Amino acid sequence: MRIEVENKKIRERKKQEYEELVAEKEKEGMEARIEKISIVTANIVAIAIMIVVGLISFPLFIVVHGSDSLNIDRLFGFPGSSGFLFFFAIYAVSIFVHEFIHGFFWHFPCEKKWGSIDFGFNPKNITPYCHCCEALSIPQYFWGAIAPTLILGVIPIVIGIFTGILFFVTFGLIGVVGGAGDLMVIWTLRKHRNCLLFDHPYEVGYAYFVPKTGSGK
């Protein structure tokens, strides 16, 4: 496991590791293709998800617990500005937890386990990240990609609706929105079959390896 603040040297190292993997797969008769995710589209999807999930979860919360349960003072866990600050602090921590969950699920199928997982912070985008340095099968990649959205998004919403704690619904909604990019990546997986995926080191998306045309494999 490596924990780092991204800089030019680290980017060059990641690029070299990626090129070495591509060269290795080419010897096996495979070629790399890249599936990119548009940041603009991801932001639009995030807004759409927030609207759809919000229109489902909050009305359902009211149906189960009554209209009086939807109190603004309970929205962030505590009344007033203290509730907002508390929610903001929890959300800030959850951003890093989101990346850790990616790594936690991805490290299991890796040959080097945690040795193949990098955690870092990108000063340019002001965001933490998790990078898996090994190629994974589609199911392995899928579960690592969707796990944060399930754990930090869907599950808290369900808990909030069942317990009547509005904070969990609010937190879960933000967790689902935070997983919009991951959900877009997962949506693209439907186009691929029986190939290996590699978390791309410098593009928003992933590389996938398929048999070379005319390779006979």
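We did not get these values from a lab; they are worked out from the coordinates using the rules stated. Small disclaimer: the values here were computed from a predicted structure and weren't measured.
For the stretch 41-55, in order, what is each residue's ³J(HN,Hα) by Karplus, 6.51 cos²θ - 1.76 cosθ + 1.60 with θ = phi - 60°, in whole Hz (x at glycine and Pro)?
Coupling constants for the stretch 41-55: 5, 4, 5, 5, 4, 4, 5, 4, 4, 4, 5, 5, 5, x, 6 Hz.
Per-residue HN-Hα couplings for the stretch 170-182, Karplus 6.51 cos²θ - 1.76 cosθ + 1.60 at θ = phi - 60°, whole Hz, x for Gly and Pro?
The phi angles translate into 4, 4, x, 4, 5, x, 5, 4, x, x, 4, x, 5 Hz.
Among [x] 38, 19, 14; [y] 28, 19, 16; [z] 24, 22, 19, only one was calculated for this model; which label is it, if the read-out is semi-axes √(5λ) of the Cα gyration tensor in Å?
Answer label, from the structure shown: [x].
Once amide H atoms are built 1.01 Å from N in the peptide plane, which residues 5 or more positions from A32, or in another chain, come under 5 Å H to H?
none
When the helix-only estimate is applied to the chain (DSSP H runs of n ≥ 4, each -39,500 (n - 2.57), divided by the residue count), what is the mean residue ellipticity at 222 nm, nearest 500 deg cm²/dmol? Numbers along the way, then the final one.
Working: 8 runs with 122 residues, N = 217.
Only helices count here, giving -18500 deg cm²/dmol.
Over the Cα atoms of the stretch 33-159, what Rg and Dmax result, in angstrom?
17.8, 53
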